[in-house]
Structures are given as structure tokens and as C-alpha cells.
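A.B. asks: This is the structure I have questions about; it appears just below.
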Amino acid sequence: MGDPFHFVDIHSHILPAVDDGARSLEESVSIIKEAVGVGRVKSIVLTPHISVDGIDRLNLICEGFNILCKFVKEMGIDISLHLGAELFLHPELPARITEEKRLTTKGSGKYVLIEMPSYEIPIYAPNVFFEILAHGIIPIWAHPERCYEVMDNYKAVYHYMDNGVLLQINAGSLLGMYGKKVRSTAATLVKNGCGHIMASDVHRADDVKTLLPEAFSHLVKMVGDAKAVDMVLSTPTRIINGF
């Protein structure tokens, strides 16, 4: 079986005390140690939840990121940390993203991670995604397998994919962490070519110990070595590098 040797994770909630992820600097470091050790992660994008109304928190978030990076470096942990965000879908999102590039992955203005409401795809969703695309920024739809409308009909993602939206599948979804229906939907999406990236969406240290390695084994069985490595290493690396 092919092996990516290490993983690049573009979706995580490691930044301390900013959302429902890590609650302290100590917990952040614990998650990172687990990711680097058993999890074999070499590069992580920290993507705290941010709403349109919460963009004014960015300076505080950047300050916390710099503190964490300094602490991790002083501890000698071999990891590359990058800052991004997981943005809640909102009609004003395209304008906010173009005004504030720090909302994009690594602040490059190339990619942006977006969370759809879990219960349905809002009527304004296509306009939001496609307006972002029109600005030359590629939206990444975070864990579409957890959206009820996609669970009912996975082909609901086709219109977005056809226009250039990338789909990010959660590793935990393939492992059944969110229930059987989400696991089944994730598998269906992946098997039908509707998954570009697999990421951890990690919130706690216990979640990350073997999350990506275990899910990668499932991924290989579904799509083969080359595609699996592309989803956990090649494509995430391109996203971080802004290609």
C-alpha cells in the first residue's frame, strides 16, 4: 500500500481559547505533539471558526497564533504552522474576504475554507461561492458529508465542483466519528470522485492520535494509492503554497 510518509492538514481547531477547539496553550501543544508523533503530521493550518460578525477578532487571533508558534519553536517541535480560518457561510462573505486576505489560507488570497450550515444548503450559497470564485479565490467546502442535504443526495455537490469549488472530507467521517449516515455519505462522496482533500478538523488531543493514518487506510481502499496521497499530501500542500 502506498504511504504519504507524512500528512498535511488544512483544517484544525488548535488555536487556544478562540472557538470550540483547544481551550488552553497547553492543550494546543498536546494536540500538536500527538499530530506530529503518532499522527505523522508535518504541516497544519489552524482554522478557527470566524463569522462575518466576528472578523474584528482577527488581530487577537493573529496575536495568539504568533504566541503559539513561538512556544512550539522554543519546544523544538518539528511542525510547520500556518494560519487560516473556517468561515461560516454568509451573503456578505465575498466582500469581507476580498477586503481582508487574512481570512484566506495562510493569508495568500488564494484559498478559503467555508462551513455550510449542517441542516441545508442555503438558497444564497451558490452566489456566495461563485462570487468568491469570480474574485480569483478558490472556496473549499468543509466536510460536505455532514450537511443533511448532501446526506439525502450526494449529487448536490456536483454544481459546486463543476464550477471549481474544492471539497474537504473529514478523516473522522470515514471512521464513523459522526455517525453511520455521515460515514456512508463520506464514503459515497469519495468513491464518486467528490473529495479533493482529507483533513482532521481536530478539536481535542484524543481525536488526533491516529486520525489521519487510520482514515488514510480506508481512503486507499476506496480510491487507490495515488488519489489517497493526493488528498492528504499533494493537494493540501498546493493549497498552503497558494498554487
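A.B. asks: Determine how large the accessible area of GLU115 is when every protein chain is in place; take a 1.4 Å probe and give Å² rounded to the nearest 10.
C.D. replies: It works out to around 30 Å².
A.B. asks: Direction-averaged shadow area of the convex hull around the Cα atoms of the range 131-243, nm²?
C.D. replies: On the way: hull surface 28.8 nm².
Here the figure is 7.2 nm², rounded to one decimal.
A.B. asks: Which helices pass in the chain if a helix is a full DSSP H run, must span at least 15 angstrom along its long axis by Cα, and must have mean Kyte-Doolittle hydropathy not below -1.0?
C.D. replies: Span-like helices in the chain: 25-36, 58-74, 180-191, 211-223.
A.B. asks: Here's a follow-up. Dividing the Cα convex hull volume of the chain by residue count, how many Å³ per residue is that?
C.D. replies: 108
A.B. asks: Could you tell me which residue out of TYR154, VAL190, GLY164 lies farthest along the dipole of the range 84-207 toward its positive end? Charges go on the beta carbon: Lys and Arg +1, Asp and Glu -1, centred on the Cα centre.
C.D. replies: Going by the Cα projections, it comes out as VAL190.
A.B. asks: Give, in nm to one decimal, the length gained when the segment between ALA95 and ASP56 is fully stretched (0.36 nm per residue of separation minus the Cα-Cα distance). Present the calculation step by step, with values, prior to reporting the outcome.
C.D. replies: Values: separation 39, 0.36 × 39 = 14.04 nm, distance 1.47 nm.
Working it through step by step, the gained length comes to 12.6 nm.
A.B. asks: Another question, if that's okay. Measuring with a 1.4 Å probe in the full set of protein chains, what accessible area per residue, in whole Å², belongs to the range 1-154?
C.D. replies: It amounts to 44 Å² per residue over the range 1-154.
A.B. asks: Say R0 is 45 Å: what FRET efficiency, to the nearest 0.05, do HIS49 and ASP225 get from their beta-carbon distance?
C.D. replies: E between HIS49 and ASP225, to the nearest 0.05, is 0.85.
A.B. asks: Let me ask another. Only Lys, Arg, Asp and Glu count, each charged at its Cβ (+1, +1, -1, -1), so figure out the dipole size of the range 146-243 about its Cα centre, rounded to 20 debye. Mind showing how you got there, number by number?
C.D. replies: On the way: 11 positive and 9 negative charges, 39 e Å.
With Lys and Arg at +1 and Asp and Glu at -1, about 180 debye.
A.B. asks: What whole-number value in Å² describes the accessible area per residue of the range 192-243 for a 1.4 Å probe? Write down the numbers at each step before the final one.
C.D. replies: Working: 1970 Å² over 52 residues.
For the range 192-243, the solvent-accessible area averages 38 Å² per residue.
A.B. asks: Here's a follow-up. Please list the non-local residues whose amide H lies under 5 Å from the amide H of VAL202, H modeled 1.01 Å from N, same-chain partners needing a gap of 5 or more.
C.D. replies: It is HIS13, by chain and number.
A.B. asks: Among ILE61, ILE197, ILE14, which one moves the most in a GNM of the chain with springs linking Cα atoms closer than 10 Å?
C.D. replies: Looking only at ILE61, ILE197, ILE14, the biggest GNM fluctuation is shown by ILE61.
A.B. asks: For VAL220, what accessible surface area do you get with a 1.4 Å probe? Give it in Å², rounded to 10.
C.D. replies: 20
A.B. asks: Just the number, please: carbon plus sulfur as a percent of the accessible area of the chain, 1.4 Å probe, no ligands or DNA/RNA counted.
C.D. replies: Values: 5350 of 10390 Å².
Carbon plus sulfur share of accessible area: 52 percent.
A.B. asks: Hey, another quick one. Would you list which lysines come within 23 Å of LYS110, measuring only between C-alpha atoms, while excluding same-chain residues fewer than 8 positions from it?
C.D. replies: LYS42, LYS101, LYS227
The values are calculated or read from the model by the stated rules, or taken from the named source; none is laboratory data. What you are looking at is a predicted structure, and each value in this text was computed from that prediction instead of being measured. Counting neighbours? That spans all protein chains shown, and the Cβs are built from the backbone with ideal geometry, glycine included. Calculation scope for accessible area: heavy atoms of the full protein, side chains included, ligands and nucleic acids excluded. Shrake-Rupley method; radii C 1.70, N 1.55, O 1.52, S 1.80 Å.
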